[in-house]
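The values are calculated or read from the model by the stated rules, or taken from the named source; none is laboratory data. Fair warning: this is a prediction, and the values are worked out from it, not measured in the lab. Because the Cβ atoms are built from the backbone with ideal geometry, glycine has one as well, and the counts that use them run over all protein chains shown. These area figures cover heavy atoms from the full protein model, side chains too; ligands, DNA and RNA do not enter into them. Shrake-Rupley method; radii C 1.70, N 1.55, O 1.52, S 1.80 Å.
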Amino acid sequence: MIDSEFLARLERIVGADGLVRDESELLTYESDGLMSHRSRPAAAVLPETAEQVQGVVRLCHQHTVPFVARGQGTGLSGGALPHPEGVLIVMTRMNRVLAIDIPNQRITVQPGVMNLEVTRQVAPDGYYYAPDPSSQVICSIGGNLAENSGGAHCLKYGFTVHHVLGVEAVLPDGELIHLGGEALDSPGLDLLGVVVGSEGTLAVITKVILRLCRRPQAVRTLLAAFDSTDAAGNAVSDVIAAGIIPAAIEMMDRTTIRAAEAAVQPGFPDAEAVLIVELDGPQSEVETLFEQIERVCARNQAWGVQVAADDAQRGRIWMGRKAAFAAMGRVSPNYYVQDGVIPRSTLPEVLRRVRALEERSGLTIGNVFHAGDGNLHPLVCYDDAVEGQAELAEQVASEILSYCLDVGGSLTGEHGIGSDKACHMPKMFSDDDLATMQLVRVAFDPDGICNPDKLFPTPRLCGEVPGPYRAHPLETAGLATRM
Amino acid sequence: MTTTNAPPSETVADLNARLDERVARPPAPTDTVQGVRPQLVVEPTAPEQVSQILAWATETGRTVIVRGGGTKIGWGPTPSSIDVLLSMSEMRGVQAHRHGDLTATVLAGTTLSATNAVLAEHRQWLALDPPDGESATIGGIVATNDSGPRRHWHGAPRDLIIGMTLVRADGVIAHSGGIVVKNVAGYDVARLLTGSFGSLGVIVSATFKLAPRADASRTVAVDFPETGRCAPYVAGLLAQAAMPTALELAVPPVRMLVRFESVEVAAAQQARQAVTLAEQHGGSASVLTADDESGAWRAHDAHVFGADREGTILKVVTLPAELSSTLEQISEVAQANQLEYAVTGRAGLGVLFVRLHGSGPGRAAFVTALRAQFRPGQGSVVVRRADPELTSLVGVWGPIGDSLPIMREVKRRFDPTGTLNPGRGPGGL
Ligand SMILES: Cc1cc2nc3c(=O)[nH]c(=O)nc-3n(C[C@H](O)[C@H](O)[C@H](O)COP(=O)(O)OP(=O)(O)OC[C@H]3O[C@@H](n4cnc5c(N)ncnc54)[C@H](O)[C@@H]3O)c2cc1C
C-alpha cells in the first residue's frame, strides 16, 4: 500500500522535485501510445541516477508495491500502462550520453536518451545507430530495449537486440547488475538476450551500451507504384528470390498513401500500392543490385518509378512512409494500429482476407508493412463518436491477428504484447510455453511487482477461462509437437 | 551428484521398457566424456522420448549430459560422474526450408554441413561457419553459441535463431519464438538457451533466419611484418566503409584474411581496394579465388582448431581497438611462461582463439595473467578445450561478475534438481 509514509520515503530518495503525487499531474502518465488503456498511478517518480532507481525499487520491494518503468510513453501495446496501486518510474531525466567510443564503435547512454539522438551524436564521425523505429524522434532507448524495437532498416541490420551490447539494470529486489559489456561474449548465460524484449517486466534498465554502424558508401532509394498489392507483393518475393537483402522494403496501400499525401505531401503516386526499396553498401554492389531491383519492378508492371537523386529526395520518401500512422488522423477520427507478422510469402493470401474483412466490417483498413520481413501494420479506422465502432475496430484488429497466426505468424513484430495482447498469448503459445517463460519471470521477480499484468495472460485480465488453445500451424504441419 | 546403485544393464532394460523402444544402451568406448564413462547412453528419435528420458532422470535423481556431434563435449570442466549420456544423433533432418521466407527449421542432431547441403538447393544457407562444421550439430552449435569467421557480417547463432523447441529437465516440451524473422511475442527463451551449454534444457529443434548465397567471393590474404599492423589496417577498412563478410587474423606469422562476398564486380573491386590499403599499411597482399581461396581458409581454420593440433584452446575476447595490445600481451605472457602459442580470430570483433602448448602451471599462469588485464565487461578469457589439470587451477569461465546470482536463480528455476549438465553450464551453473 502506498500511504503518506511511503510517499515521504519516496521523496527522500528522489527529492521533492522528483516525486509526482498531484492527481492532475499524474494524469499525464495515465496511458502510453495505446490511449484506450488508461490507469492513474498512485505515484510517479523521476529519478536522475541509478542509485535513485535502486532506492525506489528497494522500497517497493520491501512493501511489495508494484512498479512500472516508463520511457517516453510512445509504446503502442500499453507496456508502460501504470499500475493503479503502484509507482511509475519515469526515466526521462536519465537522458545523458555517457561515453562515445568511436574506435570500438560503441556508445554508452542512459535509457532516457532518444533513439535519434544516438545517431545525431555520432553522425559527424560517419556512424549511426541502426534500429530506426518510425517514432525515433520521440522514443527512448530504454523503451526500445524493453520492446526490442525494430524499424524499416531492420531487414538487413537486425533489431534492437542485435545492437545492444550491455546494460546496467536494477533487479526487482533493488540489486544493481551488469549484463554484457563493451566487449562481446561476456561469459555466462545470455540474460541480456532475454531482458531485451521483456517489456520492462524483468528489471529497470539504467545504462545501455550500444553498437554503432559505419555509414555505408552508397545508399539508393526507389519508389515504385503498382496496380495491386499482389503485384507489389510479387515484386518483394522476386527480390528475395534473387538473393538480394535490401536495407529496407516497405509497402503502403492506397488508403495509407492518400493519408500520407494529405499529411506531409511526399509526392507519392495515387496507386493501389507503392513499394519503397532501399539498398545500401559498397558503391559497386549497390549499383549492380539496384539495376536488378529496377528489372524486378518492371517485370511486375511497376509504374511511376522515382529514384531519389539526393538526400533531400530520399528524406521526402521516408517522411511519407514514417508519417503513415500519424497521417491516418487526417482521414479518420480514430484508428487502431495493429502489429502482426506473417511469413512474407503468405502476404497476398493474408491481404485478401484483410480486404474481405474490410468489406464485411464496413471499417476502412489501411495497410503499411515492413514487407521484407512480413511485419504488417493494418490501421483500422473508426469513429469513437459512433456507438459501438470502437469495439468493432478492436474485434476487427483481433481478427487480423488470427489471420497472422493461421499462417504461422506472430502476435507482434515490434510493438510488444503489453496489456493490449496479453489475453491473446494463449492463441500463440501453449500453457507449457507460457509456463516456461514464467520460469524466467519468477527467477527475476518472484513477487511479481515489476510491471505486473503485462505480457502474460492472467485470470484477472482475461477472465477465469483463458482463450481456447488452438494448434499452431507449425503443429498441424507436423513440424512441432507439444505434450 | 547422485549415482545410482542399479547395475547399468538393469537400468538400460528398465528405461527401454519404460519408453517401449530400444533407445537406451550400455556405453561404448567412444561414449566417454573427458575420460568419464557414462552409466548408459540414450539415443532418442522423437521429442516425446527426450521428454520421457528427462522426466525419468529428474525423478530418479540421475544427471544427464547432452551430446550433439561430440565436437565440443570436451569443453568445460571434467564431470565427476555421468549417469546418462543423451545423444541427439538420431534426431536429424531439415524439417522445413521455407525458401521464400528465408527461414528453416532443423532438428538438433543434424550436422551443419548436412543442413547447408539441403539449403543450397535454393542458393541459401545458415550463415554459420564454426570449426568442425562437418560433424558439429545444430544443437551443439546453438548450445555453445559457436560461430566462425563469417560472424563478422552474419552474426552468431544468438543473432540468427528465431525459434526453438526444447525439453525442460522435468520433461515438459516447450516452444519459443516461431517461424517468422520478426517476432517479439513473449520472452525470448530460444535466445536464453543459446549459449547455455545444455544447462537449462535440451534443444530438440531450432528455426533460423537464413542468408542467400553470394554470387562471388574473393579473399585478400595479407602478410604483415608484425602484429601491430593489424589493428590500423582494420580501422582503415572500416573508414572506407568496406563490407567484408570475414576479417580474420592469424599469428604467428602475422597473416590476415579479408573476405568479400557479393556480386562479382563488388567482390572484385573491394578486394582490390583492400590490397591497396594493405600495401599502404606495409603488408604484402594478394587476392585469392577458387581453390586457392578455400585452401587458405582451411589452413586458417586448422591454425588453431586443426584435428592434429594438440593443446589447450582458449577464447580470448577483447575490445576491437585493443587488438594490438592484447596480441602483444598474449605473446609476452606466452614467452614468460615458455609456452608455444597460435592465435586466430575475428579482428573486427575482438574475438580470438588461442592454442597453447606447455606445462600445466605455465598455461594456468597465462590464463591468470591475461584475465587480470581485463576489467569486467571489457574482455574475458574462457577455457574451451582443456585438461583437468588446467581447469582445476583456473576454472573454465573466469569471473562472471555481479550477474552470477541471477544466473544461478534462472538455472535453479529451469532445473531445480541439477539434472542437466551439472557444473558444466556457463559460470559453473
Ligand atoms: C507514431 C509511432 C510510430 C511508431 N513506430 C514504431 C516502429 O516503427 N517500430 C517500433 O518498434 N515501434 C514503433 N512505435 C512504438 C514505440 O515507439 C516503441 O515501442 C518505443 O520503443 C517505445 O519507447 P518509449 O520510450 O516511448 O517507451 P514507453 O512507451 O515509455 O515504454 C515501453 C515499454 O518499455 C518499458 N521501459 C521503458 N523504459 C524502461 C527502462 N529504462 N527499463 C525497463 N523498462 C523500460 C516500459 O515499462 C514499457 O513496457 C511507434 C509508436 C508511435 C507512437
- Item | Conditions (1) more than 8 Å from the ligand (Cβ to nearest atom); (2) crowded, with 21+ Cβ neighbours inside 10 Å; (3) within 23 Å of A:A69 (Cα to Cα); (4) facing another protein chain (nearest Cβ under 10 Å); number of the one not met by A:H178 | (2)
- Inspect all residues belonging to the range A:138-158 and state whether any of them is more than 14 Å from chain B (Cβ to nearest Cβ), in a loop (DSSP other than H, G, I, E, B), within 12 Å of the ligand (Cβ to nearest atom) and closer than 24 Å to A:E278 by Cα. yes
- Message: Just the residues that are in a strand (DSSP E or B) and under 20 Å from B:L323 (Cβ atoms), please, taken from the range A:94-106.
- Response: A:A99, A:I100, A:D101, A:R106
- Boolean, B:A342 is away from chain A (no Cβ under 14 Å), within 23 Å of the chain's Cα centre (by Cα) and closer than 30 Å to B:L237 by Cβ: yes
- Message: Restricting to the range A:201-222, and then to whatever is under 17 Å from A:G315 (Cα atoms) and touching a Pro at 6+ places or on another chain (Cβ under 8 Å), can you tell me which residue is surrounded by the most Cβ atoms within 10 Å (Cβ to Cβ)?
- Response: A:P216
- Considering only strands (runs of 3 or more DSSP E) fully contained in the range B:44-139, which possess at least 2 residues that are open to solvent by less than 30 Å² (accessible area, probe 1.4 Å) and in contact (Cβ under 8 Å) with a residue 40 or more places away in the chain? B:64-67, B:82-87, B:103-107
- in contact with an Asp or Glu (Cβ under 7 Å, 6 or more places away or on another chain) and in the same structural domain as A:C381 (by TED's automatic domain parsing) - does that describe any residue in the range A:307-318? no
- Is at least one residue of the range B:243-261 of a type in the set (A, V, I, L, M), in a helix (DSSP H, G or I), within 14 Å of another protein chain (Cβ to nearest Cβ) and open to solvent by 20 Å² or more (accessible area, probe 1.4 Å)? no
- Message: For the range B:163-182, give me each residue that is more than 11 Å from B:T105 (Cα to Cα) and of a type in the set (S, T, N, Q).
- Response: B:S176
- Item | Close pairs from the range A:68-85: first within 18 Å of A:V56 (Cα to Cα) and not assigned by TED's automatic domain parsing to the domain that holds A:L46, partner within 8 Å of the ligand (Cβ to nearest atom) and aliphatic (A, V, I, L, M), Cβ under 9 Å, at least 6 apart | none
- Task: Could you tell me which numbered condition A:S402 fails, if it satisfies all but one of (1) crowded, with 23+ Cβ neighbours inside 10 Å; (2) more than 8 Å from chain B (Cβ to nearest Cβ); (3) touching a Lys or Arg at 6+ places or on another chain (Cβ under 8 Å)?
- Result: (1)
- Task: Would you mind telling me which numbered condition in (1) open to solvent by 10 Å² or more (accessible area, probe 1.4 Å); (2) under 30 Å from A:V407 (Cα atoms); (3) part of a strand (DSSP E or B) B:S217 fails?
- Result: (2)
- Query: Do we have A:L88 as within 13 Å of chain B (Cβ to nearest Cβ), over 15 Å from A:I141 (Cβ atoms) and within 13 Å of the ligand (Cβ to nearest atom) here?
  - Reply: no
- When residues of the range B:313-339 are limited to those that are away from every other protein chain (no Cβ under 14 Å) and of a type in the set (A, V, I, L, M), the one most open to solvent (accessible area, probe 1.4 Å): B:A336
- Please state which of the following conditions A:L411 fails to meet, knowing it meets all the rest: (1) in contact with a His (Cβ under 9 Å, 6 or more places away or on another chain); (2) more than 16 Å from the ligand (Cβ to nearest atom); (3) open to solvent by less than 10 Å² (accessible area, probe 1.4 Å). (2)
- Task: Give me a count of the residues in the range A:160-175 that are open to solvent by 20 Å² or more (accessible area, probe 1.4 Å) and within 7 Å of chain B (Cβ to nearest Cβ).
- Result: 1
- Looking only at the range A:189-201, decide whether some residue is touching a residue at least 60 places away in the same chain (Cβ under 8 Å), out of contact with any Lys or Arg (no Cβ under 7 Å at 6 or more places or on another chain), within 15 Å of the ligand (Cβ to nearest atom) and over 25 Å from B:S199 (Cβ atoms). yes
- Which fully enclosed strands (runs of 3 or more DSSP E) of the range A:262-369 have 2 or more residues being at negative phi, buried (at least 19 other Cβ atoms within 10 Å of the Cβ) and within 14 Å of chain B (Cβ to nearest Cβ)? A:273-281
- Item | Residue ID - nearest to A:Q54 (Cα to Cα), chosen from residues in the range A:110-127 that are in contact with a Gly (Cβ under 9 Å, 6 or more places away or on another chain) and more than 8 Å from the ligand (Cβ to nearest atom) | A:Q110
- Item | Close pairs from the range A:31-48: first farther than 15 Å from A:G416 by Cβ, partner part of a strand (DSSP E or B), Cβ under 6 Å, at least 6 apart | A:P41/A:L88; A:A43/A:V87; A:A44/A:V20; A:A44/A:L88; A:A44/A:V90; A:V45/A:L19; A:V45/A:I89; A:L46/A:V90
- Please specify each residue of the range A:414-453 satisfying the condition of being open to solvent by 10 Å² or more (accessible area, probe 1.4 Å), more than 16 Å from the ligand (Cβ to nearest atom), within 9 Å of chain B (Cβ to nearest Cβ) and among the charged types (D, E, K, R). A:D432
- Looking at (1) touching a residue at least 12 places away in the same chain (Cβ under 8 Å); (2) farther than 20 Å from A:A42 by Cβ, which is the one condition that is false for A:P124? (1)
- Could you tell me whether any residue of the range A:24-33 is farther than 28 Å from A:F456 by Cβ and at pLDDT below 95? yes
- Message: Given the condition more than 11 Å from chain A (Cβ to nearest Cβ), out of contact with any strand residue (DSSP E or B) (no Cβ under 9 Å at 6 or more places or on another chain) and closer than 30 Å to A:G233 by Cβ, answer yes or no: does some residue in the range B:115-126 qualify?
- Response: yes
- Item | Hits in the range B:161-183 - residues which are within 16 Å of A:V440 (Cα to Cα), open to solvent by 10 Å² or more (accessible area, probe 1.4 Å) and facing chain A (nearest Cβ under 8 Å) | B:R168, B:V172, B:H175
- Task: Give A:L401, A:L439 a once-over and let me know the one that is at pLDDT 95 or above, part of a helix (DSSP H, G or I), over 25 Å from B:A96 (Cβ atoms) and among the hydrophobic types (A, V, I, L, M, F, W, C).
- Result: A:L439
- Query: If you scan the range A:239-260, which residues turn out to be surrounded by 24 or more Cβ atoms within 10 Å (Cβ to Cβ) and away from chain B (no Cβ under 14 Å)?
  - Reply: A:M251, A:M252, A:D253, A:T256, A:I257, A:A259, A:A260
- Query: Considering the range B:391-425 alone, what residues qualify as being more than 19 Å from the chain's Cα centre (by Cα), surrounded by 23 or more Cβ atoms within 10 Å (Cβ to Cβ) and more than 10 Å from chain A (Cβ to nearest Cβ)?
  - Reply: B:T419
